[in-house]
1. Output the residues belonging to the range 86-95 that are surrounded by fewer than 18 Cβ atoms within 10 Å (Cβ to Cβ) and either at pLDDT 95 or above or assigned to a helix (DSSP H, G or I) (or both).
2. Regarding the range 249-257, can at least one residue be identified that is touching a Phe, Trp or Tyr at 6+ places or on another chain (Cβ under 8 Å), of a type in the set (Gly, Ala, Ser) and either in a helix (DSSP H, G or I) or free of Cβ contacts under 8 Å to residues at least 24 places away in the same chain (or both)?
3. Give me the residue from the range 265-295 that is of a type in the set (D, E, K, R) and surrounded by fewer than 16 Cβ atoms within 10 Å (Cβ to Cβ) and, out of that set, farthest from residue 113 (Cα to Cα).
4. Quick one: which of 232, 202 is assigned to a helix (DSSP H, G or I), more than 15 Å from residue 300 (Cα to Cα), in the same structural domain as residue 251 (by TED's automatic domain parsing) and touching a helix residue (DSSP H, G or I) at 6+ places or on another chain (Cβ under 9 Å)?
5. Looking for something touching a residue at least 40 places away in the same chain (Cβ under 8 Å), surrounded by fewer than 23 Cβ atoms within 10 Å (Cβ to Cβ) and either within 13 Å of residue 128 (Cα to Cα) or of a type in the set (A, V, I, L, M) (or both) - is there at least one such residue anywhere in the range 41-49?
6. Is one or more of the residues making up the range 71-85 farther than 15 Å from residue 180 by Cβ, in a helix (DSSP H, G or I) and over 13 Å from the mean Cα position of the chain (by Cα)?
7. Which one is farthest from residue 128 (Cα to Cα) among residues in the range 148-168 that are buried (at least 16 other Cβ atoms within 10 Å of the Cβ) and hydroxyl-bearing (Ser, Thr, Tyr)?
8. Does residue 187 satisfy the criteria of being under 30 Å from residue 131 (Cα atoms) and assigned to a helix (DSSP H, G or I)?
Amino acid sequence: MEDMLLSNTAHQSAPLKVGVIGLGMYGGTMARRLVGAGCEVAGIDPTPTARQAAARDGVRIVDSPKSLDDCQFVVLSLPTSKEVSQVCLGEGGLASASHSNMLVIDTTSGLPVESRSIAEGLEAHGISYIDAGVSGTGGAAAVESGTLTMLVGGTSEAVEKAEPVLALLGSTTIHMGPVGAGHATKTLNNMLSSTAMLATAEAVTIGIKAGLDPDKLVAAIQASQGRNFWTEHRFPNFILRGDFTSKSGGPIGGTTQRVGQAVEMGREFGVPTPIASAAHQLMSVMSAELGYRAPTTHSVLKYWEWSHVVRDVKVDSDE
């Protein structure tokens, strides 16, 4: 059933052979978790520090996607669909691997239309593909603890085949529909979260300037119809505690990119996106000023800067 909610429990008698392409904050954590679960993991990343960290975690480092031809599964954690297309269909890519029974699990926050095109290209070489957008409270910490929600698109057969790996990466898998449905869901979820972030930042900043206690204000909103992920988690646990380190949120550049994808989806289907477009424009300005890798919570710092709000904050030492 295309919309079935899958229980993430799986037991394998033989070690799974899994490749991971992209060993950054998310991909590297996924690889480490898979190694810890007893999988034989091979990994690829262009960055020496990422390769070295993964090697210390027990990942076998290889040079090219073609070198993953002995893997049953390949997990992708890359910046955009452009990189996914290159490693899958480009020269020396997965399509040139000899393992025709391979299944690609694409956790990249990709464009659904591109995901469908990549799936078709791989299918011509006998390689299956599912898009698996990831979501969860705590970013990389959710990957580390295996509490991600996996938003998956693909055939029922492919999703069932991927379940042993999905079960190791997340606590819940939701099969959203055919290829592209997982990335579409992830994109729309990110759009909603980002607009809620900006609206909450505005509301709390106005409240501070109006003399309201921000802790009480956020608690009041959380107990009312304005509650959202930011009033439930990010503001009380990080922002109002002055914690703006990398633990407080993922890179604002990536979040901005995904809101832009939602605008593109709206354009593709003829749906006006005035709210998402405004959010994307504002976040693009913030991302340019703060830097791509600044935590998304730093958008609140921009509101405070613009509004002359002064509070004690803690950021990463390299910022």
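1. Looking only at the range 86-95, we keep the residues that are surrounded by fewer than 18 Cβ atoms within 10 Å (Cβ to Cβ), and these are 86, 90-92.
Passing the criteria: only 86.
2. Going through the range 249-257, the residues touching a Phe, Trp or Tyr at 6+ places or on another chain (Cβ under 8 Å) turn out to be 249, 251-254.
Filter again for of a type in the set (Gly, Ala, Ser), leaving 249, 253-254.
Now restrict to residues that are either in a helix (DSSP H, G or I) or free of Cβ contacts under 8 Å to residues at least 24 places away in the same chain (or both): 253-254.
Yes; the residues of the range 249-257 include at least one that is touching a Phe, Trp or Tyr at 6+ places or on another chain (Cβ under 8 Å), of a type in the set (Gly, Ala, Ser) and either in a helix (DSSP H, G or I) or free of Cβ contacts under 8 Å to residues at least 24 places away in the same chain (or both).
3. Taking the range 265-295 and keeping what is of a type in the set (D, E, K, R), we get 267-268, 289, 293.
Keeping just the survivors that are surrounded by fewer than 16 Cβ atoms within 10 Å (Cβ to Cβ) gives 267-268, 289.
Values: 267: 12, 268: 9, 289: 31 Å.
Per the stated criteria, the residue is 289.
4. Details: 202 fails: more than 15 Å from residue 300 (Cα to Cα).
Answer to the selection: 232.
5. No: the range 41-49 contains no residue that is touching a residue at least 40 places away in the same chain (Cβ under 8 Å), surrounded by fewer than 23 Cβ atoms within 10 Å (Cβ to Cβ) and either within 13 Å of residue 128 (Cα to Cα) or of a type in the set (A, V, I, L, M) (or both).
6. yes
7. Step one: filter the range 148-168 for residues buried (at least 16 other Cβ atoms within 10 Å of the Cβ), giving 148-155, 158-159, 161-168.
Next, from what is left, pick out any that are hydroxyl-bearing (Ser, Thr, Tyr): 149, 155.
On the way: 149: 21, 155: 9 Å.
Only one residue tops the list, namely 149.
8. Numbers: under 30 Å from residue 131 (Cα atoms): yes; assigned to a helix (DSSP H, G or I): yes.
Judged against the criteria, residue 187 is a match.
The values are calculated or read from the model by the stated rules, or taken from the named source; none is laboratory data. A quick note: this is a predicted structure, and the numbers were derived from the prediction, not measured. Note that we place each Cβ from the backbone using ideal geometry, even for glycine, and neighbour counts take in every protein chain shown.
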